[in-house]
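The values are calculated or read from the model by the stated rules, or taken from the named source; none is laboratory data. A quick note: this is a predicted structure, and the numbers were derived from the prediction, not measured. Methodologically, a virtual Cβ is constructed for each residue, glycine included, from the backbone with ideal geometry; neighbour enumeration extends over all protein chains shown.
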Amino acid sequence: MQSDEAREVGAAAIVAGGRLLLAQRVGPPELAGLWELPGGKIEPGETPAEGLRRELVEELGVLTAVGGRVGADVPLPNGMVLRAYRVTLLDGEPAALEHSAVRWVGPAELSAAELVPNDRVWLPDLLTLLRVE
Ligand code: DCM
């Protein structure tokens, strides 16, 4: 059994048509209403790609392909590490199954979005991703 310290939270940078998908958190209270890259905890026995694909089925109802890393590792206070990955949609339209809303943003909207604090460090990387798309 893996310890919490070794565990990863995967987050998806889903880009399509020059826009990035953001999802609005329902909780905890300090994060409710803020926007994030969808994702979640990778479970023991899963690769990060497998875990992220599973989370995106649960949270958005979509099938995806997980690509390379985006941005830096973000250490979480609980000892876990948050990592973003480039993700491509294979099937389905993202729906807010576990968020209060989802929306596609271009560079200007992304820069103005109220992101969760952990995800804000990726802003330059995400803007680069949109520009090269
Ligand atoms: N988290 C984050 N940014 C994301 C996804 C998750 O900061 N894009 C954080 C919030 C929680 C932890 O990771 O501290 C686990 O996420 P969740 O609560 O969604 O399972």
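Checking each residue in segment 25-47 for being closer than 13 Å to L82 by Cα and within 9 Å of the ligand (Cβ to nearest atom) picks out E36, L37, P38, G39, G40, K41.
V74 fulfils the conditions (1) exposed (fewer than 13 other Cβ atoms within 10 Å of the Cβ); (2) within 16 Å of the ligand (Cβ to nearest atom) except for a single criterion, (1). Restricting segment 81-94 to residues that are in a loop (DSSP other than H, G, I, E, B) and out of contact with any helix residue (DSSP H, G or I) (no Cβ under 6 Å at 6 or more places or on another chain) leaves a set whose member that is nearest to R19 (Cα to Cα) is E93.
Within segment 18-31, work out how many residues are part of a loop (DSSP other than H, G, I, E, B) and either modelled with pLDDT under 95 or of a type in the set (A, V, I, L, M) (or both). Break it down stepwise before answering.
Initially, segment 18-31 is screened for residues part of a loop (DSSP other than H, G, I, E, B), giving 18, 25-31.
Filter once more, so that each one left must be either modelled with pLDDT under 95 or of a type in the set (A, V, I, L, M) (or both): 26, 31.
Within segment 18-31, residues that are part of a loop (DSSP other than H, G, I, E, B) and either modelled with pLDDT under 95 or of a type in the set (A, V, I, L, M) (or both) number 2.
Among the conditions (1) away from the ligand (no atom under 12 Å from the Cβ); (2) exposed (fewer than 13 other Cβ atoms within 10 Å of the Cβ), P117 misses just one, which is (1).
Is it fair to say V102 is within 11 Å of the ligand (Cβ to nearest atom), in contact (Cβ under 8 Å) with a residue 40 or more places away in the chain and either hydrophobic (A, V, I, L, M, F, W, C) or part of a helix (DSSP H, G or I) (or both)? Judged against the criteria, V102 is not a match.
Residue-by-condition table, conditions (1) under 25 Å from E93 (Cβ atoms); (2) among the hydrophobic types (A, V, I, L, M, F, W, C); (3) not in a strand (DSSP E or B):
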site	(1), (2), (3)
A12	yes, yes, no
G33	yes, no, yes
G45	no, no, yes
E50	yes, no, yes
V57	yes, yes, yes
V66	yes, yes, no
G71	no, no, no
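Checking each residue in segment 77-87 for being surrounded by 13 or more Cβ atoms within 10 Å (Cβ to Cβ) and more than 8 Å from the ligand (Cβ to nearest atom) picks out V81, R83, Y85, R86, V87.
Of the residues screened, L127 is not one that is touching a helix residue (DSSP H, G or I) at 6+ places or on another chain (Cβ under 7 Å), among the hydrophobic types (A, V, I, L, M, F, W, C) and within 13 Å of the ligand (Cβ to nearest atom).
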